[in-house]
């Protein structure tokens, strides 16, 4: 009976040691791939606003014969919309990073 108890204690100690070894190491919160993806998203947000503004302005100018005034106006509006989208996307990215940091600190405390 005592031999079974000692072997169970030995097994328990080995399991605890193995669990400690299996804990993942702390890595930086942002790796190169994630940073590249975020940068590409922000660039796409800005360029899509510019492109849509350009296309709308060009078609309206062609249709109404007001070259280049509507094109200039809609490029400016597209740029404003693109900047607004970039700021909104950056806030979403920051909120997600803050949520991960908060979960990580809560996980370490609990």
- prompt: Can you pull out the residues in the range 59-110 that are farther than 27 Å from residue 47 by Cβ and outside any helix (DSSP H, G or I)?
  reply: 65, 110
message: Need pairs with beta-carbon distance below 8 Å; first residue on the phi > 0 side of the Ramachandran plot and within the range 65-79, second part of a loop (DSSP other than H, G, I, E, B) and modelled with pLDDT under 95; sequence gap 6+ or separate chains.
response: none
message: I'd like the full set of residues that are over 22 Å from residue 85 (Cα atoms) and at pLDDT 90 or above, limited to the range 1-52.
response: none
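Out of all the residues in the range 57-70, is one or more under 27 Å from residue 38 (Cα atoms) and surrounded by 14 or more Cβ atoms within 10 Å (Cβ to Cβ)? Spell out how you get there, then give the answer.
First pass over the range 57-70, keeping only residues under 27 Å from residue 38 (Cα atoms): none.
Checked against the condition, which is being under 27 Å from residue 38 (Cα atoms) and surrounded by 14 or more Cβ atoms within 10 Å (Cβ to Cβ), the range 57-70 yields no hits at all.
The values are calculated or read from the model by the stated rules, or taken from the named source; none is laboratory data. A quick note: this is a predicted structure, and the numbers were derived from the prediction, not measured. Note that each Cβ is placed from the backbone with ideal geometry, even for glycine, and that neighbours are counted across all protein chains shown.
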